[in-house]
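The values are calculated or read from the model by the stated rules, or taken from the named source; none is laboratory data. Keep in mind the model is a prediction, meaning the values are calculated, not measured. A quick note on method: Cβ atoms are made from the backbone with ideal geometry, for glycine too, and the neighbour counts reach across all protein chains shown.
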């Protein structure tokens, strides 16, 4: 039986902060564009917006999601931050599936909810890591 390799040296606080800040920066356009999309979705549900208008807005939001997903996938993440990155990628995939499902709400809702849960899990994980490292918390609205 071969012995386990020694653990990797601990990551510096600066390196941890850079990794996480990059992940958040690359995800943040999704959070910034969310309000406009949610208002359009609400207006569609209330009959103030046509289905075509909703689908155009969802397509624009999907483009933002796709760009962010490509950036997040390309970000370097080590240690426990790697898990947060995986959660963000899963969240973005679920958000894209939800947007692709419109206007079929039975398919939209579960995917949308998964996207929100995984994004929050990623943020919580990063906040926990930052707390242990005594780093300044990430803004709560940076990942939504």
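Considering every residue within the range 45-53, establish whether at least one is exposed (fewer than 15 other Cβ atoms within 10 Å of the Cβ), at positive phi, at pLDDT 95 or above and not in a helix (DSSP H, G or I). Talk me through it step by step, then tell me what you get.
So in the range 45-53, the residues exposed (fewer than 15 other Cβ atoms within 10 Å of the Cβ) come out as 45-48, 50-53.
After this cut, where a residue has to be at positive phi as well, the list is 47.
Restricting the remaining residues to those that are at pLDDT 95 or above gives 47.
Now narrow it down to the ones that are not in a helix (DSSP H, G or I): 47.
Among the residues of the range 45-53, at least one is exposed (fewer than 15 other Cβ atoms within 10 Å of the Cβ), at positive phi, at pLDDT 95 or above and not in a helix (DSSP H, G or I), which makes the answer yes.
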Subject >> Candidate set from the range 54-104 (those that are crowded, with 17+ Cβ neighbours inside 10 Å and part of a loop (DSSP other than H, G, I, E, B)); member that is farthest from the chain's Cα centre (by Cα) >> reply: 102
Subject >> residue 107 at pLDDT below 95, more than 17 Å from the chain's Cα centre (by Cα) and either assigned to a helix (DSSP H, G or I) or surrounded by 14 or more Cβ atoms within 10 Å (Cβ to Cβ) (or both) >> reply: no
